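Novice: One structure follows; several queries about it will come next.
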Amino acid sequence: MDRVAAAHSDLFSVAPASVDRTFTRARRVELDETSWVEHLPGWLPGSDGLFAELLAGAGWEQRTRWMYDKRVDEPRLTAEYPDLGPFPLLAEVAAVLGGHYGPAYERLWINLYRDHRDSTGWHGDGVGKREAESVVPVLSLGAARRFLIKPAAGGPSVGFTVAGGDLVVMGGRAQRDWRHCAPKQATPAGPRMSVNFAPSPRPVVPAG
Ligand SMILES: O=C(O)CCC(=O)C(=O)O
């Protein structure tokens, strides 16, 4: 993975120049008085190269989780990084995100949804257990999939179709008062990744 990133660092260092540093194209949805989501379609142009490099070079793991009384494989693969050194492009993206949203994004985890059968269930990220408010950017790569968010207390969901290069940002109390998911779908889809940026020096494993 280091070898792959280093070999392509010239390519990787070019792309952030083309991201919308003004964030003026953000479509903001106020979920309630204290929580929001922003969707920036096509925020990272030319993201297919990054997808290919991560697919080939990230440290993919099959994680498990408890479901009722047994451990089951998560229906996706995950690669987690305590620093952004291996990925010059993502380090630059993180700097742009931090410059706009505030936190210094120093860590990330990447999920690989191999096809339409992979998914993640309703959850709030771990930062919501530590902080009342947070800003969590998620960059999508590869195939378009649905991303849903609904009140933790129950109620209808708000849905987004996120394509490769799109940025979704959850803010305010979204990790505490809301739950999000990337559902399975019946319609066949190719592989998709989500790159989740985290500011905390503590472990960034999402809460189940
Ligand atoms: O795949 C996504 O868009 C969301 C991923 C996510 O919520 C997570 O890993 O905690």
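The values are calculated or read from the model by the stated rules, or taken from the named source; none is laboratory data. Worth saying up front: this structure is predicted, and the values here are computed from it rather than measured. Cβ coordinates were reconstructed from backbone atoms using ideal geometry, including for glycine residues, and neighbour counts include every protein chain displayed. Just so you know, the surface numbers come from the protein's heavy atoms only, side chains and all, with ligands and any DNA or RNA stripped out. Shrake-Rupley method; radii C 1.70, N 1.55, O 1.52, S 1.80 Å.
Novice: Report, in deg cm²/dmol and to the nearest 500, the calculated mean residue ellipticity at 222 nm for the chain, where each DSSP H run with n ≥ 4 adds -39500 (n - 2.57) and the sum is divided by the residue count.
Specialist: The helix-only estimate for the chain comes to -5500 deg cm²/dmol at 222 nm.
Novice: So how do Asp115, Asp69 rank on accessible area, 1.4 Å probe, biggest first, that is with the largest at the start?
Specialist: Asp69, Asp115
Novice: Under a 10 Å cutoff between Cα atoms, tell me which one of Arg65, Arg146, Arg192 has the largest fluctuation in the Gaussian network model of the chain.
Specialist: Evaluated over the chain, the most mobile residue of the options is Arg65.
Novice: So for the chain, taking the charge dipole from beta-carbon charges (+1 Lys/Arg, -1 Asp/Glu), which of Gly128, Val72, Pro191 sits furthest toward the positive end?
Specialist: Of Gly128, Val72, Pro191, it is Val72.
Novice: Please calculate the 1.4 Å probe accessible area of Thr34, with all protein chains present, and give it to the nearest 10 Å².
Specialist: 60 Å²
Novice: Wrap a convex hull around the Cα atoms of the range 131-178, take a quarter of its surface area, and give that in square nanometres.
Specialist: Result: a mean projected hull area of 3.3 nm².
Novice: Based on Cβ point charges of +1 for Lys and Arg and -1 for Asp and Glu, what charge dipole magnitude is obtained for the chain about its Cα centre, in debye rounded to the nearest 20?
Specialist: Working: 24 positive and 24 negative charges, 128 e Å.
Here the size comes out at about 620 debye.
Novice: Got a sec? What order do Lys150, Lys70, Lys129 fall in by accessible area at 1.4 Å, biggest, i.e. largest, first?
Specialist: From most accessible down to least: Lys129, Lys70, Lys150.
Novice: Hey, in the GNM for the chain with a 10 angstrom Cα cutoff, which one of Val195, Val29, Val72 fluctuates hardest?
Specialist: In the Gaussian network model the winner is Val72.
Novice: Continuing with the same structure: Could you go through the range 140-148 in sequence order and give the Karplus-derived ³J(HN,Hα) for each residue, using 6.51 cos²θ - 1.76 cosθ + 1.60 with θ = phi - 60°, rounded to whole Hz, and x for Gly and Pro?
Specialist: So the Karplus estimates, Gly and Pro as x, are 9, 9, x, 5, 6, 9, 8, 10, 10 Hz.
Novice: Could you give the semi-axes, largest first, of the ellipsoid that matches the chain, computed as the square roots of 5 times the alpha carbon gyration tensor eigenvalues and rounded to whole Å?
Specialist: Each semi-axis is √(5λ); the values are 24, 21, 17 Å.
Novice: Right, another one. From the protein chains alone at 1.4 Å, what is the descending order of accessible area for Trp178, Trp66, largest first?
Specialist: If we order Trp178, Trp66 from most to least accessible, we get Trp66, Trp178.
Novice: Based on the alpha carbons, how large is the Rg to Rh ratio for the range 103-195 when Rh follows Kirkwood?
Specialist: Expressed as Rg/Rh, it is 0.96.
Novice: Taking amide H positions as placed in the peptide plane 1.01 Å from N, state which residues far from Arg179 in sequence (5 or more) or on other chains have amide H under 5 Å from it.
Specialist: Under 5 Å from the amide H of Arg179: Lys150, Ala152.
Novice: Just how much of Leu55 is accessible, in Å², when a 1.4 Å probe is used and the result is rounded to the nearest 10?
Specialist: My reading of the accessible area for Leu55 is about 80 Å².
Novice: Quick query: amide H of His116 versus all other amide H atoms, modeled in the peptide plane; which residues come in under 5 Å with a sequence gap of 5 or more or a different chain?
Specialist: Ala189
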